[in-house]
Structure formats: C-alpha cells, structure tokens
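*Asks:* Would you mind keeping the following structure in view while I ask a few things?
The values are calculated or read from the model by the stated rules, or taken from the named source; none is laboratory data. This is a predicted model, so every value here is computed, not measured. Neighbour counts are summed over all protein chains in view; Cβ atoms, including those assigned to glycine, are modelled from backbone coordinates with ideal geometry. SASA here: full protein model, heavy atoms, side chains in, ligands and nucleic acids out. Shrake-Rupley method; radii C 1.70, N 1.55, O 1.52, S 1.80 Å.
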Amino acid sequence: MGIPAMADRDIPVPVEQAEVKAPVLRPGDRGREVERLQRRLHQGRYYFGKINGRYDEQTKFAVWALQKSHRMETRGAVGPEVWRALDRRLRTRALVPNGPANRVEVRLRDQLLIVYRQHRPALISHISSGAQRRWCLNGRCGDAVTPVGDFRVNRRAPGWTTGPLGSMYNSLYFVGGIAMHGSTKVPNRPASHGCVRVPMETSKRLYEMVGMGEPVYVRQSW
C-alpha cells in the first residue's frame, strides 16, 4: 500500500537534509539514497508508491513528473539539478486562472496532470494522452485524440475493466469513453487511443482523491 498524501504542499527541508551530498541515481539502483529520493518525491506530491529503496518504473515516472513540472528534460538519471528542484517550491501557472479550488488539470503539451486542492498542487503525474493519429482495430476505427475543453468526472469504474481497446485501471471518465486511468504502459510520449494514462501507483491515489462532478480542464499548453 502506498503512503497517503500529506496535507500541505509547503514542507520545509531540514538544514541537515539539504546539506547532504546529492548522489547521482539511475533506474535499477537500490539503497538508502533511493529511499531518500522516494520520500522527497512523495513530499513533493509526485510519488505515491512504496518507499522501498528500489529505483523502479514507478519511481522513474515520478522523476519525470518532477522534471516536467520544472521544465527540465525528462531523464531517468537523478543528478544535482533534480535534487535542487526537490528543494524548491513548485510555482505553476493555472490553466484556468479563476478556476475552482479543487480541480484536475491535464496539460497535453507537457504530458502532465495536476490535481489541485484549495488551489495547491496535491498530485502531480506524468501521463500519456492520445497519440494524435488514426487507428483501426478489428474493423473499428477512430482518432486517437484527447479532447480539449472543460469537463467533469461523470463516471467512475474501480479496479480493472477491459474493453475493445484494452484494459484500464481505476477509470475516471470525463467525456464519452475518455477517462483518466491507471495503465501498465505510460511511455514518455502520447500513445493512448484518447484516454489519459497515469502510472499504476499514482492512479490509486488519483481515484481516492477525485470524485463525481470534479472539474477536469484539458488544454494543449499552459
């Protein structure tokens, strides 16, 4: 089970923690420094998996989310730039300046999803949205496009569900058959049939946080 989200975004970094030499970590690494990275990512609202000291895929997705939110190149390696970003408060311009305090924003250009609570980021996730191409499967065709606009969650489907286009986990539908959902495949590019894929561990927390009627704003850029 993942660690529940903290209550407030502004968490001070202890002086002794900030002074620790920042190691370079890469996917596949293990140990106390990876555990420290996971804890810092969790405090920043990027990581909702286990604090297990293993730099696994879920940890990599959280690193990508941090890098995207700070306008950095997405890489698996964690060096001084990432550690410094963890020490900084995230300052992000809202897609909808006068939007509600609690909402979901999907930023297609950056492949990033942010859940706001009381106007503060409470969950920040790497995503993979519509691939922007035509698809055909078993005689059925369509356009792999994530629609842009202002929506609301209108249906929730817990756990795994399987349809003609594949399996989805903890689905939060916001327009037609398009949903935010957990997936075992969340590449660093738009690749879905139109849904907003999020990492599996993050999808568990997302489903807990977002209820029926929650506003969902989808935009190309911010």
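*Asks:* Using only Cα atoms, find the angle between the long axis of helix 32-43 and the longest principal axis of the chain, and express it within 0 to 90 degrees, rounded to the nearest 10.
*Replies:* Compared with the principal axis, the helix lies near 60 degrees.
*Asks:* Just to confirm, what accessible area per residue do you get for the chain at 1.4 Å probe, in whole Å²?
*Replies:* Accessible area per residue: 49 Å².
*Asks:* Treating the angle as unsigned and between 0 and 90°, give the value, to the nearest 10°, between the Cα long axis of helix 57-69 and the longest Cα principal axis of the chain.
*Replies:* 90 degrees
*Asks:* While we're on this one: Accessible area of region 89-222 with a 1.4 Å probe: how many percent of it is carbon plus sulfur?
*Replies:* Looking at region 89-222 in its full context, I get 48 percent from C and S.
*Asks:* Please flag any cysteine in the chain that has no other cysteine's Cβ under 4.7 angstrom from its own Cβ.
*Replies:* Isolated Cys, the chain: C195.
*Asks:* Now for a different question. Taking only DSSP H segments of four or more residues, each worth -39500 (n - 2.57), what value at 222 nm results for the chain once the sum is divided by all its residues, to the nearest 500 deg cm²/dmol?
*Replies:* Helix-only estimate at 222 nm: -6000 deg cm²/dmol.
*Asks:* At 1.4 Å probe size, what's the solvent-accessible area of H119? Round to the nearest 10 Å².
*Replies:* Surface accessible to solvent at H119 totals approximately 110 Å².
*Asks:* Heavy atoms of the protein only, probe of 1.4 Å, neighbouring chains included. What is the accessible area of T161 in Å², nearest 10?
*Replies:* My reading of the accessible area for T161 is about 50 Å².
*Asks:* Helix 200-209 versus the longest principal axis of the chain: what angle, 0 to 90°, nearest 10, using Cα atoms?
*Replies:* Helix 200-209 sits roughly 80 degrees off the main axis of the chain.
*Asks:* Over region 148-222, what is the relative contact order in whole percent, taking alpha-carbon pairs under 8 Å and six or more residues apart?
*Replies:* After rounding, I find 37 percent.
*Asks:* I've got another one for you. Please list K68, K50 from largest to smallest accessible area, probe radius 1.4 Å, with all protein chains kept in place.
*Replies:* K50, K68
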